[in-house]
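Worksheet: the structure to be examined is printed underneath.
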Amino acid sequence: MTGHDGVPGASGGAMGGRLVLLGNAIVDLVMRVPALPERGGDIVSQDTALTTGGGFNVLTAARRLGLPAVYAGAHGTGPFGDRVRADLAREGIEVPLPPLTEEDTGFCVAFVDGGGERTFATSLGAEARLTEAHATAVLAALRPGDLVQISGYGLAYPVNGPVLASLVARLPEHTRVFLDPGPLADQIPEEVLEPVLARCDWVSCNQREGRLLTGRDDAREAAAALAARLGPRTGVLLRADADGCWLVPPGGEPAHIPGRRVTAVDSNGAGDAHTGAFLALLGHGLDLSSAVRGANAAAAFAVTRHGPATGPTAGELLDFLDGEPLAARLSPAFGR
């Protein structure tokens with residue numbers, strides 16, 4: 001099967017449903033610095049902001065493109081938990097699980113250097129305390145056609161990992177499962193990672209994560225090796241920043257989908273914007289090629305804005321595409 005622009009297997013199909021995130025929404029303390037200090041050194045932040053981040057970035061990216069979204073992760077009681085819930089509510093994101101009463105939500109310090117690259121240090125909180133009761137509640141809340149997104153952060157957490165692996169194995173067939181292994185890809189225990197990979201319909205990762213999972217430095221080779229590891233029913237997206245991404249449709253061959261050259265001011269959350277847009281566009285019934293190209297554009301838009309949750313709205317994405325053929329392909333999905 002060939003879709004737009006000759007991409008093999010490029011028919012996404014209308015999935016419908018909601019984006020259900022089995023991940024972690026936390027608070028980010030974002031510090032903009034000229035460069036990371038040397039070990040034992042210090043540096044003055046040029047700007048500091050407190051925002052909600054983590055899985056919130058994926059949820060908002062999808063929600064702003066019109067896909068209903070659900071945060072199905074744990075959250076705590078305290079100022080950070082209150083902030084996360086308020087921001088989720090502001091974006092129209094459903095929160096089905098009650099807060100844990102004994103602990104607050106965790107936080108992350110994100111350093112964004114002069115080149116727009118980000119470096120993290122995370123303090124775990126209630127989001128890392130997922131229970132079997134939570135898993136049972138999530139399974140009961142799923143609807144036909146839901147898109148379930150899993151974060152590698154949760155899989156790497158000692159408490160969450162086994163619970164999530166068991167939950168994923170019990171997901172009904174009517175759900176589509178997407179994994180972003182994240183920066184901790186090499187720290188996920190094999191007994192947790194393997195059953196998740198076996199159930200995934202899509203895996204989306206950046207070049208570093210692809211290298212951790214395959215040992216391949218070349219982006220195309222890493223995408224192909226990851227697809228071979230996953231098998232013919234699972235697709236791969238390997239994000240390559242400004243170079244776009246490598247797409248391996250289920251059972252297909254690697255195809256390079258070009259990116260967009262922009263002046264990046266903050267790469268924090270760019271991968272999340274890509275993932276959220278990809279899921280939203282598939283959820284709207286876009287063909288696979290259009291969904292991937294739209295995700296590339298959404299990620300390019302995101303890096304031109306400061307902050308971790310900077311995915312575009314439908315109007316912003318169409319304006320960003322500025323009359324390109326892709327805009328005409330996306331417009332009907334947004335009712336334009």
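Here, each number is a calculation from the coordinates, and none is a lab measurement. Remember, it's a predicted structure, so these values are computed and weren't measured experimentally. Please note: Cβ atoms are built from the backbone with ideal geometry, for glycine as well, and neighbour counts cover all protein chains shown.
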Quick check on the range 130-215: take the gyration tensor over C-alpha atoms, sort the square-rooted eigenvalues as a ≥ b ≥ c, and tell me if it's rounded (a/c under 1.5), prolate or oblate. oblate
For Cα pairs less than 8 Å apart in space and 6+ apart in sequence, what is the mean separation divided by the residue count of the chain, i.e. the relative contact order in percent? 20 percent
Net charge (Lys, Arg +1; Asp, Glu -1) of residues whose beta-carbon lies under 15 Å from that of V95, V95 excluded, is 0
Length gain on complete extension for the stretch E94 to R233, per 0.36 nm per residue less the alpha carbon to alpha carbon distance? 47.0 nm
Can you list the residues of the range 300-315 with backbone N under 19 Å from a point 7 Å past the Cα of D47, pointing along Cα to Cβ? 300-313
Amide H of R18: which non-local residues (sequence gap of 5 or more, or other chain) have their own amide H closer than 5 Å, using H built in the peptide plane? D146, L147
Using the alpha carbons of the range 65-144, what is the convex hull volume per residue in cubic angstrom, as a whole number? 133 Å³
Based solely on its DSSP helices, what 222 nm [θ] is calculated for the chain when runs of n ≥ 4 H residues each add -39,500 (n - 2.57) and the sum is averaged over all residues, nearest 500 deg cm²/dmol? -10000 deg cm²/dmol
May I ask you to evaluate 6.51 cos²θ - 1.76 cosθ + 1.60, the Karplus curve with θ = phi - 60°, for each residue of the range 242-247 and list the ³J(HN,Hα) values in order in whole Hz, giving x for glycine and proline? 5, 7, x, 7, 9, 10
Show the residues, 5+ positions off or on another chain, whose built amide H is closer than 5 Å to the amide H of D287. G12
Evaluate the distance, in nm, between pseudo-label points positioned 7 Å from the Cα of D218 and of T101 along their respective Cα→Cβ axes. 5.9 nm
Please state the equivalent ellipsoid semi-axes for the range 219-336: what are the square roots of 5 times the Cα gyration tensor eigenvalues, largest first, in whole Å? 23, 17, 12
Kirkwood-based Rg to Rh ratio, the range 200-243, C-alpha trace: 0.93
In the range 166-199, the GluC sites (Glu not before Pro) that sit in a DSSP loop and have at most 11 other Cβ atoms within 10 Å of their own Cβ are E173
Any idea what log10 I(q)/I(0) is at q = 0.10 Å⁻¹ for the chain, Debye with uniform C-alpha scatterers and no solvent? -0.53
If each K or R counts +1 and each D or E counts -1, the residues other than A297 whose Cβ falls under 9 Å of its Cβ total +1
Under the 7 Å Cα-to-Cβ spin-label approximation, E173 and V159 lie apart by a distance in nanometres of 3.6 nm
Cα centroid of the range 172-191 to Cα centroid of the range 27-41, whole Å: 29 Å
If I take R0 = 25 Å and measure r between the Cβ atoms of T313 and D243 in this structure, what FRET efficiency does the formula 1/(1 + (r/R0)^6) give, to the nearest 0.05? 0.45
